[in-house]
Amino acid sequence: MSKGRIVVIEGDDWISRLLADGLNAADYEVVVASDALDGFRKACESRPDCVICAITLSDFDGHWVARSIRAHPSALSKVPLLLLSDADDERSSPGALQGGADAHLSKPFRLEEIVGQVAALMDMAKRLRESPAAEVAGPPAPPSGEALRGSLEQMSVATVLSLLELERRTGQLKVTNGGAEATIELIGGFAITSTLRRVPTPLLATVRELLNWNKGLVSFYVGKDAPEPDKKRPIGALLMEAVQLNAMAPTPAPSAPRVAPKPTSSPTSKAPPKPPKR
């Protein structure tokens with residue numbers, strides 16, 4: 001009988017297999033992902049009892065995964081989370097715990113440490129669920145037909161888009177940052193069109209800029225069901241391309257209008273007199 005389901009998010013194949021084999025041997029069911037977006041999706045889909053995530057990943061980092069899990073409007077937000085950092089990353093330990101992780105270990109580690117930490121975290125989560133204090137619930141999650149609203153400081157645009165894709169939502173995502181505004185239209189979880197500063201803009205350009213917005217408000221307004229469009233762009237692929245392009249170069253700014261250089265002299269102006277010969 002399985003002791004529980006663990007999602008392992010690790011980009012190093014050797015470490016990923018090591019963790020999966022060790023946890024399987026300890027009677028845990030293991031779901032493996034190699035990057036942050038895929039790992040977050042699998043965590044949403046598989047309802048794990050614990051998540052183990054490397055901080056260094058190919059797309060987003062483990063802190064992004066932690067924030068995404070803690071902001072999820074479901075029981076996933078309370079799942080125990082163990083972050084793994086590289087041995088030379090001295091800043092990760094306090095950052096991991098402040099960012100929503102329940103525990104942190106550095107590589108290299110022993111499998112006994114991982115298995116023991118997972119058991120302890122799951123036992124802690126069970127005690128919290130059975131505690132009388134757990135009966136005091138916060139505000140209920142919004143019903144499926146109600147607009148989603150939140151702060152970019154609590155949930156990133158990438159997190160919200162991933163959720164909308166996962167739940168195959170139709171409607172409009174609106175993001176505001178000071179005086180700037182962006183919208184993305186979705187049908188069945190696919191991004192269709194977008195605007196940036198109230199101007200129709202290619203989806204990739206809009207998402208690239210939105211990934212750099214850390215403050216502001218994000219809202220989603222549910223639309224009417226519509227047939228899947230012929231031209232559709234999976235949000236996961238869109239996010240991945242935007243992340244890679246932003247890592248290679250900054251988001252391109254709108255080009256300023258060209259101004260013709262001011263002539264130094266008019267065509268009809270007389271040439272200056274030549275100096276006298278000596």
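Please treat every number below as a calculation from the coordinates, not as lab data. Quick caveat: nothing in here was measured; it's all calculated off a predicted structure. For neighbour counting, all protein chains shown are included, and Cβ atoms are generated from backbone atoms with ideal geometry for every residue, glycine included.
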Can you compute the modelled spin-label distance between residue 215 and residue 45, with each label point 7 Å from Cα toward Cβ, in nm?
3.8 nm
Nearest-20 debye value, region 148-248 charge dipole, Cβ charges on Lys, Arg, Asp, Glu:
200 debye
Which of the aspartates and glutamates could be linked to residue 231 by a straight reach, that is with a Cα gap under 16 Å, when you skip same-chain ones fewer than 8 residues away?
165, 185
Computed FRET efficiency, Cβ-Cβ of residue 78 and residue 107, R0 30 Å: what is it to the nearest 0.05?
0.70
In nm, the gap between the two label points placed 7 Å beyond Cα toward Cβ at residue 192 and residue 180 is 2.6 nm
For residue 222 and residue 15, what does the FRET efficiency come to when R0 = 35 Å and r is the distance between their Cβ atoms, rounded to the nearest 0.05?
0.30
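Working out 0.36 nm times the residue gap between residue 87 and residue 38, then minus their Cα-Cα distance, what length gain in nm do you get to one decimal?
15.2 nm
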Straight distance only, please: which aspartates and glutamates reach the Cα of residue 78 with their own Cα at less than 18 Å, same-chain residues fewer than 8 apart left out?
45, 49, 102, 123, 130, 135
When the Cα centres of region 46-72 and region 164-187 are compared, how far apart do they sit, in Å?
22 Å
